[in-house]
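A.B. asks: Encoded as structure tokens, here's the structure I'll be asking about.
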Amino acid sequence: MFQKILVANRGEIALRVICACKELGISTVAVYSEADRNSLHVRFADEAVCIGPARSSESYLNIPQVISAAEITNVDAIHPGYGFLSENANFAKVCEASEITFIGPRPEIIEMMGEKDRARRIGYPLILKASAGGGGRGMRVVRKQDELLSAYQTARSEAQQAFGTPDVYAEKFLEHPRHIEFQVLGDQHGKVVHLGERECSIQRRHQKLVEESPSPVMEPKQRKELGAKVVKALEQIGYTNAGTVEFLMDQDGALYFIEMNTRIQVEHPVTELVTGVDLIKAQIRIASGEKMEDATGAIMPSGHAIECRINAEDPMTFVPSAGRITTFQAPGGTGVRVDSAAYADAVIPPYYDSMIAKLIVKGRDRTEAIGRMKRALEMFVIEGIKTSIPLHRRILADPDFAAGKFDTHFIERLLGTNGK
């Protein structure tokens, strides 16, 4: 097992990795920008190194700075979290060359699965996506040819700013799809498993707002058949560590592969609550050479879990709301989990993603999980900045959401907008 891990990220995911390391008895090193000097991941890590100013390109995306921090603190491994450098094959190669374990897939696998720039289908409407990342950044829908150039230029600019590379790719845009993804793990001994699917259709501007597991529309037979195909494909390429295979489901229930993310996902907690597997610990154990059964223990799915991403933004216009949090009172009780690096008096900077917390609940079934989430949202108090909590309460109260009748355009219909 590793002795010391550097966490190459910020916010709640950096804190989440630090928590897993503490439970495994592993020392941690935090890296931070000048804007994050007072962040909780800096406070709770055993060591911390400032790697640059607030701008991501000069700090969290700065590979030489991250590697330098790793070398001066003498770490065994680096956990990239999600976003930033997590799907950067060059970064994984540099880690390898520096004799530092990259906690994720091998560089050649990241490179292979990251080749998203070959259009899978043709014709309009199509969607442009950033090759190096997700989360709605570097993404534009093009419905006719005269929109293509402007959308292409905008997508490239956003991709460069968010991920350090302007590369984008195009794929067919389905008008009313559901977004379904399978969580996978692969060890270094040829074993790959899937841990079920997540439903991620509740989105705004192509960024997920609510995720749940299992999907309310995935039939057991379909889950078994598709899960087996996913596992077989990844075993054939020798996939290791955590990943997510993503699909769009059309109105007839047909599934279309869209991409694979070679990293842990923001929404991994819903899978953790349903399966009982700590995915971050499993990543670390797998990277250290442990076999799957030792890394995960028994995988026995039960119940239903839902996650709401709490963003620092206006709940109607989605305009980011940076500033100082004056009150932060998180809900608790049976089946309620909050992943966050926010606290009362914390300052939310304007430079990064607006998500400040993840509220996750588990129930015996979907009905109980919805009721629990409604209660938890009502008892979640954040003051001083605007948040998406009021919007989440509307979502959970909507009859179509309760009935599982929704697609990726649910928010537009709920708010009576066209997504702008």
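The values are calculated or read from the model by the stated rules, or taken from the named source; none is laboratory data. Just so we're clear, the structure is a prediction, and the values are computed from it rather than from any experiment. Neighbour counts run over all protein chains shown; Cβ positions are idealised from the backbone, glycine included. Just so you know, the surface numbers come from the protein's heavy atoms only, side chains and all, with ligands and any DNA or RNA stripped out. Shrake-Rupley method; radii C 1.70, N 1.55, O 1.52, S 1.80 Å.
A.B. asks: Place a +1 charge on the Cβ of each Lys and Arg in the stretch 293-420 and a -1 charge on the Cβ of each Asp and Glu, then give the dipole magnitude about the Cα centre in debye, rounded to the nearest 20.
C.D. replies: Value, rounded to 20: 360 debye.
A.B. asks: Further question on the same structure: Would you mind computing the Rg to Rh ratio of the stretch 210-274 from its alpha-carbon coordinates, Kirkwood style for Rh?
C.D. replies: When Rh is taken as the Kirkwood radius, the ratio is 0.95.
A.B. asks: For the stretch 273-320, treating each Cα as an identical point scatterer without solvent, what Debye log10 I(q)/I(0) comes out at q = 0.32 1/Å?
C.D. replies: For the stretch 273-320 at q = 0.32 Å⁻¹, log10 I(q)/I(0) is -1.11.
A.B. asks: Moving on. Treating only the Cβ atoms of Lys and Arg (+1) and Asp and Glu (-1) as charged, compute the dipole magnitude of the stretch 77-191 about its Cα centre; round to the nearest 20 debye.
C.D. replies: Value, rounded to 20: 460 debye.
A.B. asks: Using a 10 Å cut-off on Cβ atoms, rank the peptides 388-400, 247-259 from the highest mean neighbour count down.
C.D. replies: Result, highest mean first: 388-400, 247-259.
A.B. asks: Across 5 Å bins from the origin, how do the percents of Cα pairs in the stretch 178-227 run, short distances first?
C.D. replies: 5, 19, 26, 19, 14, 11, 5, 1
A.B. asks: At R0 = 35 Å, how high is the FRET efficiency between Gln145 and Arg55 if r is their beta carbon distance? Nearest 0.05 is fine.
C.D. replies: Using R0 = 35 Å, I get an efficiency of 0.50.
A.B. asks: Right, next: Dividing the Cα convex hull volume of the stretch 300-420 by residue count, how many Å³ per residue is that?
C.D. replies: Looking at the stretch 300-420, the number lands at 116 Å³ per residue.
A.B. asks: Further, regarding this structure: Over the chain, with a Gaussian network built from C-alpha contacts below 10 Å, which listed residue (Glu96, Glu272, Glu147) shows the highest mean-square fluctuation?
C.D. replies: Among Glu96, Glu272, Glu147, the largest GNM mean-square fluctuation belongs to Glu147.
A.B. asks: Here's another thing I want to ask about it. Suppose every Lys and Arg Cβ carries +1 and every Asp and Glu Cβ carries -1, with no other charges. What dipole size does the stretch 283-363 come out with about its Cα centre, to the nearest 20 debye?
C.D. replies: Numbers: 7 positive and 9 negative charges, 28 e Å.
Its charge dipole is roughly 140 debye.
A.B. asks: Then there's this: Mind telling me which of Thr367, Thr408, Thr275 comes out most flexible in a GNM of the chain, alpha-carbon contacts under 10 Å?
C.D. replies: Thr367
A.B. asks: Same structure again: Please find, in a Gaussian network model of the chain (springs between Cα atoms separated by less than 10 Å), the residue of Glu87, Glu267, Glu293 whose mean-square fluctuation is greatest.
C.D. replies: Of Glu87, Glu267, Glu293, the most mobile in the Gaussian network model is Glu293.
A.B. asks: Could you check the spin-label model distance between Asp250 and Asn38? Points 7 Å from the Cα along Cα→Cβ, value in nm.
C.D. replies: Each label point lies 7 Å from its Cα, and together they span 5.4 nm.
A.B. asks: Given 10 Å bins starting at zero, what is the percent of C-alpha pairs of the stretch 71-208 in each, up to the one with the largest pair distance?
C.D. replies: Per 10 Å bin, starting at zero, the Cα-Cα P(r) for the stretch 71-208 comes out as 11, 33, 35, 17, 5, 0 percent.
A.B. asks: Just to be sure I understand the model, the point goes 7 Å from the Cα along the line to the Cβ. What's the resulting Lys191 to Asp398 distance in nm?
C.D. replies: Taking the simple label geometry, Lys191 and Asp398 are separated by 4.1 nm.
A.B. asks: Label Gln236 and Met316 with points 7 Å out from Cα along Cα→Cβ: what is the distance between them in nm?
C.D. replies: About 5.2 nm separates the two model spin labels.
A.B. asks: Could you give me the ³J(HN,Hα) list for the stretch 53-58, computed from phi with Karplus coefficients 6.51, -1.76, 1.60 and θ = phi - 60°, whole Hz, x at Gly and Pro?
C.D. replies: Coupling constants for the stretch 53-58: x, 4, 4, 4, 5, 9 Hz.
A.B. asks: On alpha-carbon atoms, Rg over Rh for the chain using Kirkwood Rh?
C.D. replies: Rounded to two decimals, Rg/Rh equals 0.93.
A.B. asks: Please list His41, His176 in order of solvent-accessible area, largest first, computed with a 1.4 Å probe with all protein chains present. Please report the intermediate quantities before stating the final value.
C.D. replies: Details: His41 0, His176 85 Å².
Accessible-area ranking of His41, His176, largest first: His176, His41.
A.B. asks: Using only DSSP helix segments of four residues or longer, with each worth -39500 (n - 2.57), what per-residue ellipticity at 222 nm results for the chain after dividing by its residue count and rounding to 500?
C.D. replies: -9000 deg cm²/dmol, from helical runs alone.
A.B. asks: Within the chain, what whole-number % of the accessible surface is contributed by carbon and sulfur, with the 1.4 Å probe and all protein chains included in the calculation?
C.D. replies: On the way: 8540 of 17560 Å².
Carbon and sulfur together cover 49 percent of it.
A.B. asks: How compact and how long is the stretch 13-141, expressed as Rg and Dmax of its alpha-carbon atoms in Å?
C.D. replies: 16.5, 53
A.B. asks: Hey, how much of the P(r) for the stretch 136-210 falls beyond 14 Å, as a percent of Cα pairs?
C.D. replies: Details: 1984 of 2775 pairs.
That tail contains 71 percent of the Cα-Cα pairs.
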